[in-house]
Amino acid sequence: ARTRFDHFFLGELARTRHDYKAALSHYQDALQVDPDDYWSLNMIGYCHMHSQQPAAAAAAYTACIARRPDVFWPYLVRAYALSELQQFEQSQRDFDKAFELAPNSYFVFLNRGFVRLKQKDFDAAQADFTKAAELRPDLSAPHENLADVSRLRGRELVVSNLPDGVVRAAAEFQTSLAELTKAIPLSPQQGRLYFARGLIRVMLSDPKSAL
């Protein structure tokens, strides 16, 4: 008979192939052997998130929290899943708990920044991504996301009725360009960074093209 580890290993093989349906089946088999298997529950949540099933992911991470309430990761990922369900108050509570357990976690700042950006809370998102960049100066993601903050803020300024909206938008696009220029040497193989920088250069030549 296969052990819990056998099923989990088969799940990992399927997950690395992005075959999330097969992976879920193997992780469920692992839980049949050991219903308290934290790692299989964690990977079930992962597969549901990557299959655009945030409600199922949140349920899996709730089960993880019940088994290991002092680990920050399930709170963090459940927070993101809840934000996908537009449950922002519950999401914030999970972020607060994640920060309590891991006050200087790069991942917590980065993911809370994503959620704040989704809510168009640009200043708060910028603060989170800036902190993430301080914690991991070797990674491009914080700079890429800081570029997104400035790009989206610039787009809103372009369509605003403010008399200096276009001028201020151009300044935001310049900031976005600078952040992408910081990101590219950290991840030179990421084609999307060059594409994004090209788009920003177009916006700078004609800000209304941001629309």
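The values are calculated or read from the model by the stated rules, or taken from the named source; none is laboratory data. The structure displayed is predicted, hence computed values, not measured ones. Here the Cβ is made from the backbone with ideal geometry for all residues, glycine too, and neighbour counts use every protein chain on show. These area figures cover heavy atoms from the full protein model, side chains too; ligands, DNA and RNA do not enter into them. Shrake-Rupley method; radii C 1.70, N 1.55, O 1.52, S 1.80 Å.
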Of all residues making up segment 43-60, the number that are over 18 Å from Thr16 (Cβ atoms), over 16 Å from the mean Cα position of the chain (by Cα) and crowded, with 21+ Cβ neighbours inside 10 Å: 1
Cross-chain or 6+ apart pairs with Cβ under 9 Å, segment 139-155 first and among the β-branched types (Val, Ile, Thr), then open to solvent by less than 40 Å² (accessible area, probe 1.4 Å): Val149/Gly113; Val149/Leu117; Val149/Phe122; Val149/Ala125; Val149/Phe129; Val149/Glu172; Val149/Ser176; Val149/Glu179
Could you tell me whether Ala22 is aliphatic (A, V, I, L, M), farther than 19 Å from Ala81 by Cβ and modelled with pLDDT under 95? no
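Residues are listed down the side, and each one gets a yes or a no for (1) assigned to a helix (DSSP H, G or I); (2) without any contact (Cβ under 8 Å) to a residue 24 or more places away in the chain:
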| residue | (1), (2) |
| --- | --- |
| Ala79 | yes, no |
| Pro103 | no, yes |
| Asn111 | yes, no |
| Ala124 | yes, yes |
| Ala127 | yes, yes |
Verdict on Leu139 being assigned to a loop (DSSP other than H, G, I, E, B), closer than 22 Å to Phe107 by Cβ and among the aliphatic types (A, V, I, L, M): yes
Being under 30 Å from Pro35 (Cβ atoms) and more than 12 Å from the chain's Cα centre (by Cα): is that true of Ala127 here? no
Being open to solvent by 50 Å² or more (accessible area, probe 1.4 Å) and either acidic (Asp, Glu) or under 19 Å from Val149 (Cβ atoms) (or both) is the filter here, so list the residues in segment 93-115 that pass it. Asp96, Glu100, Phe107, Phe114
It is to be established whether one or more residues within segment 99-112 are within 19 Å of His48 (Cβ to Cβ) and either out of contact with any Leu (no Cβ under 9 Å at 6 or more places or on another chain) or at pLDDT 95 or above (or both). yes
Segment 1-42: number of residues that are within 17 Å of Ile65 (Cα to Cα), in contact with a Lys or Arg (Cβ under 7 Å, 6 or more places away or on another chain) and open to solvent by 70 Å² or more (accessible area, probe 1.4 Å): 1
Members of segment 163-200 found to be without any contact (Cβ under 8 Å) to a residue 40 or more places away in the chain, polar (S, T, N, Q) and surrounded by fewer than 17 Cβ atoms within 10 Å (Cβ to Cβ), listed by number: Gln174, Thr181, Gln189
Single unsatisfied condition, Leu146 versus (1) surrounded by fewer than 21 Cβ atoms within 10 Å (Cβ to Cβ); (2) part of a helix (DSSP H, G or I): (1)
